[in-house]
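The values are calculated or read from the model by the stated rules, or taken from the named source; none is laboratory data. This structure is a prediction, so every number in the text was calculated from the model and none was measured. All Cβ positions, glycine included, derive from the backbone under ideal geometry; neighbour counts span all protein chains shown. Each accessible area value is taken on the protein alone, full model and side chains, heavy atoms only, with ligands, DNA and RNA left out. Shrake-Rupley method; radii C 1.70, N 1.55, O 1.52, S 1.80 Å.
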Amino acid sequence: MQFTAQLPQTYHTLDAADELKAFRTLFYIPANAKGEEVIYLCGNSLGLQPKTAEQYVQQELNDWKTLGVEGHFHARHAWYGYHHFLSNAMARLVGALPTEVVAMNTLTVNLHLLMATFYRPTAQRYKILIEAPAFPSDRYAVASQAEWHGINPHEAVIEIAPQPGQHHLHTADILQAIEQAGSSLALVLFGGVNYYSGQFFNMEAITQTAHRVGAIAGFDLAHAAGNIPMQLHNWNVDFAAWCSYKYLNSGPGGVSGVFIHEKHGNNLGLPRLAGWWGNNENTRFEMLPDFVPQPGAAGWQLSNAQILPMAAHRASLEIFDNAGIDRLRKKSLQLTGYLEQLLLQVNAHAGGNAFTIITPTNPEERGCQLSLLISGSNGRAVFDRLTQNGVVADWRKPNVIRIAPVPLYNTFEDVYRFACLLQEALQQTAG
Ligand SMILES: *Cc1c(COP(=O)(O)O)cnc(C)c1O
């Protein structure tokens, strides 16, 4: 493999100096058929299982087994107010007050619930601005919200795409689109990190500009939560939602997180779609006819808490608390920077034109993920060869491979080995 030997093997030193390296041992790393650990670079799609998740879920199963309905009040972690066990750690991840966050439902459901409160179109102000390409579920959600209010989604939904020939958005263009929509704009619903390009948007500037024109600023943080530290409260974001199964490692279909700024959370008069779990906790089980919302994000809960997925989430959030999102970010900048550096060498070796990294080069404008747009028609073949060689990555049509080295469990060696295998795959599929 003389081809791959040309990449500098600096990963030994980098891994040795990594103060977070022990965290990898807290996770199960999937193995291939030969029993060797795969190179898992897909934590942006489904995070790995914390070893403690099983025990946390088992605890709830045991309490259910031995206590039955009494578990609502007598389980070790009483189910009645289970969301409280998650709020502090969630708040630290996204820069919120504990009362501004709650774990409930799943992501797309929560986007709809939040829009029920925060998208209240009038004849004058009814437009929704989203990024392009937005995740399909988000597009469906905003278009169907408009339709549900009797508005043609083609008139209501404004999509802002990168300029021709470019792969990510300029903040100035986003802000200009907001200004342009002006008094017709009801809602900006943007990603924190775009799922496709990996671009991290300037959420504070977007929020400020949305507010200046009188619109609400909401964010889908599916690819940002657990990836990049945020300051949702200080940035004055109106609302946000995210899933917990990507960077937050809480398992398939895991519970979603919601942020509602306290200025809205304390406004008990806000219209909302209500359910009994959002009722004042002191009277929830009195079954009174009139809904009295709890203050804070918890007042948007609808149903009985999903204890089993929330137990897995609790296990994962404890790990995040121990590592600290700022330390994780520090390692992430290094790890993704190292990936970028190796990729540029691989590309130079292949003639400089084998692929384009479509993620911003400025580390402040991205998280873990780098997205590679393969230039030739061999994209799928490259991806398949990587898969055969034990790399778990992610393929997006038409020609993009998404790579996400995650600071909690990926090593610099993972990144190095990936770069070598990419080089090999490019060589073997060129034609
Ligand atoms: C992963 C993801 C989703 C998925 O939504 P679910 O309701 O959890 O299936 C939605 N939007 C974005 C931006 C995502 O990245």
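Would you calculate a helix-derived [θ] at 222 nm for the chain, using -39,500 (n - 2.57) for each DSSP H run of n ≥ 4 and dividing by the full residue count, to the nearest 500?
The helix-only estimate for the chain comes to -11500 deg cm²/dmol at 222 nm.
List nothing, just return the count: lysine pairs in the chain, 8 or more apart or interchain, with Cα separation under 17 Å.
Within the chain, the lysine pair count is 4.
Percent of accessible area on the chain owned by carbon and sulfur, 1.4 Å probe?
The nonpolar share, carbon plus sulfur, comes to 53 percent.
Which semi-axis lengths, in whole Å and largest first, follow from the square roots of five times the eigenvalues of the Cα gyration tensor of the range 311-426?
27, 16, 13
I want to verify the translational diffusion coefficient of the range 169-306 in µm²/s; compute it with Stokes-Einstein, Rh as the Kirkwood radius over Cα pairs, at 4 °C and 1.567 mPa s.
After rounding, the answer is 79 µm²/s.
For the range 1-159, what log10 I(q)/I(0) values come out of the Debye formula at q = 0.15, 0.17, 0.18 1/Å, with one point per alpha carbon and no solvent?
Debye curve over Cα of the range 1-159, log10 I(q)/I(0) at q = 0.15, 0.17, 0.18 Å⁻¹: -1.09, -1.16, -1.20.
If you filter the range 1-71 for GluC sites (Glu not before Pro), then keep DSSP loop positions with at most 11 other Cβ within 10 Å, what is left?
E19, E36
With only alpha-carbon atoms in the gyration tensor, what are the semi-axes of the equivalent ellipsoid for the range 55-323, in Å, largest first?
In descending order the semi-axes read 33, 21, 15 Å.
Order of 273-285, 329-341, 221-233 by packing, highest average Cβ count within 10 Å first?
Highest mean packing first, the order is 221-233, 329-341, 273-285.
How many percent of Cα pairs in the range 85-147 exceed 20 Å?
Percentage above 20 Å: 43.
On a C-alpha basis, how far is the centre of the range 394-431 from the centre of the range 288-338 in Å? Whole number, if you could?
29
At what distance in nm do the modelled label points of V109 and A78 sit from each other, each positioned 7 Å from its Cα along Cα→Cβ?
2.4
Once amide H atoms are built 1.01 Å from N in the peptide plane, which residues 5 or more positions from G191, or in another chain, come under 5 Å H to H?
E131, D220
Tabulate in residue order the Karplus-calculated ³J(HN,Hα) for the range 140-146, using 6.51 cos²θ - 1.76 cosθ + 1.60 with θ = phi - 60°, rounded to whole Hz; enter x for Gly and Pro.
Per-residue couplings from phi come out as 4, 5, 5, 5, 6, 4, 4 Hz.
Which whole-number value in Å² is the accessible area per residue of the chain, probe 1.4 Å?
With all protein chains present, the chain gives 42 Å² per residue.
Which far-off residues, 5 or more places away or on another chain, put their amide H under 5 Å from the one on V392, with H placed in the peptide plane?
Excluding prolines and chain starts, which carry no amide H, the hits are I39, Y40, L41.
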